[in-house]
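The values are calculated or read from the model by the stated rules, or taken from the named source; none is laboratory data. What you see is a predicted model, and the numbers here were worked out from it, not measured in a lab. Cβ sites come from the backbone with ideal geometry, for glycine too, and all protein chains shown count toward neighbours. Areas reflect the complete protein model, heavy atoms only, side chains present, ligands, DNA and RNA absent. Shrake-Rupley method; radii C 1.70, N 1.55, O 1.52, S 1.80 Å.
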Amino acid sequence: MAGVVERMGRAGHPPLDRLTPDEAKASYEKGAGVLEVPKPELARIEDFHIAARDGHAIPARLYAPSAEVLPVLVYFHGGGFTVGNIRTHDTLCRVLSQKSGCAVVSIDYRLAPAHKFPTASNDAWDAFHFVATQGASLGLDGARLAVGGDSAGGTLAAVCAILARDAGLPVALQLLIYPGMAAHQDTESHRRHVDGPLLTKAMIDFFFGQYVNTPADRDDWRFAPLLADDVDGVAPAWIGLAEADPVVDEGIAYADKLRAAGVAVDLEIYRGVIHEFIKMGRAIPEALQAQNDAARALKEALTP
C-alpha cells in the first residue's frame, strides 16, 4: 500500500480539491481504472434509465452473469457526491456480479454542484424503489434484494436501507464499503488522516462544499445516517472499512449503532490500506480479499 501511495505521489496529479468540479470529475474518471483488475466478461450488460420523482431519467447499468432471473444488488458509486459515475465503477460492479452470481444494477445518480443535497439521496431511493417494485421488468427477482455502495455511495445505501424498512420493502443485505456516516468530520481517524493518504481533509471539505446547501444540511440523517433516530429493523449489514482512512471511525460507529439496535453486522477492517482500496486489485491483495468477502456476503444473503 505504501508503494502505491508513493507512486501516486510521483505521478504528480493535482488533488481533486485544487480543480474545478468539472475538472475533478474528468480527473477522477481518467484515473479510476489504473489499479483495477481486468474487466470480467458477463452474459448481460445493459444500459437503461429510471424515472426520478421530478421526471429526470436516471442512467443505470445492469450486470448479470446469466440470463436467469437473479437476485439483485442495487449499487451506488463513491465520489463525495461530486465525482464518479457508472463508468468509474464498472469493473467493481462486474467483479461483484461475477463472484456473487447475482445481478448488479449500478445507478448514475445526479452529482454536485449542479445538483445539491438531497438530490443524490432522492435519486438513490427512486432508483432503488424501482428495482424493488419493478425488477421483474428487467428479468430480475426484486424480492431478493440488496443495496450497497462505496464511500458516498455507502451513505446512499444506508439511507435506502432505512427508507426501505419504513416502506415495508424487504432487503436482505446492506453492503457498505468505507461509507461516510457522520455529520462532521471530527473523529480521531479524521484528525489522524488530515493529509491522507489519498483522501484528505481538504478533499472532503471540497466535496461536501459542493454538495450541501447550508451547514444545516449536515444534520439531516440523509447526509449523516449516524443521526438517524431509529435503525431498528433495518437490513443486516456487511461493512468493509480501510484502517488508514479518515472515515474508518464513523464506519465503526455505524456498525455499533446497528448492533445496539439488534441488527446483524459483519464488520471487516482491512489493515494497512486506504480509502478506495477495493478498486486497487491489481496492486494490493487486500482489495481482492475485500471483493471476495463482499461477494460472499451477497451470495449468502441473496441465495440462501
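Values as computed for the structure displayed
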quantity: When residues of region 171-186 are limited to those that are open to solvent by 30 Å² or more (accessible area, probe 1.4 Å) and touching a residue at least 60 places away in the same chain (Cβ under 8 Å), the one nearest to Phe76 (Cα to Cα); calculated: Ala172
quantity: Subset tally (residues that are under 18 Å from the mean Cα position of the chain (by Cα) and more than 12 Å from Thr82 (Cα to Cα)) for region 99-115; calculated: 8
quantity: Residue in region 49-63 that is aliphatic (A, V, I, L, M), over 18 Å from the mean Cα position of the chain (by Cα) and in a helix (DSSP H, G or I) present; calculated: no
quantity: Residue list for region 23-64, filter: surrounded by 15 or more Cβ atoms within 10 Å (Cβ to Cβ), in contact with a strand residue (DSSP E or B) (Cβ under 8 Å, 6 or more places away or on another chain) and farther than 27 Å from Ser121 by Cβ; calculated: Leu42, Arg44
quantity: Selection count, region 213-259, where residues are crowded, with 23+ Cβ neighbours inside 10 Å and in a strand (DSSP E or B); calculated: 6
quantity: Number of positions in region 5-19 that are surrounded by 11 or more Cβ atoms within 10 Å (Cβ to Cβ) and either of a type in the set (Phe, Trp, Tyr) or not in a helix (DSSP H, G or I) (or both); calculated: 3
quantity: Subset tally (residues that are more than 21 Å from Asp219 (Cβ to Cβ), acidic (Asp, Glu) and either in a helix (DSSP H, G or I) or open to solvent by less than 10 Å² (accessible area, probe 1.4 Å) (or both)) for region 124-168; calculated: 2
quantity: Only one of Val95, Val104 that is out of contact with any strand residue (DSSP E or B) (no Cβ under 9 Å at 6 or more places or on another chain) and surrounded by 24 or more Cβ atoms within 10 Å (Cβ to Cβ); calculated: Val95
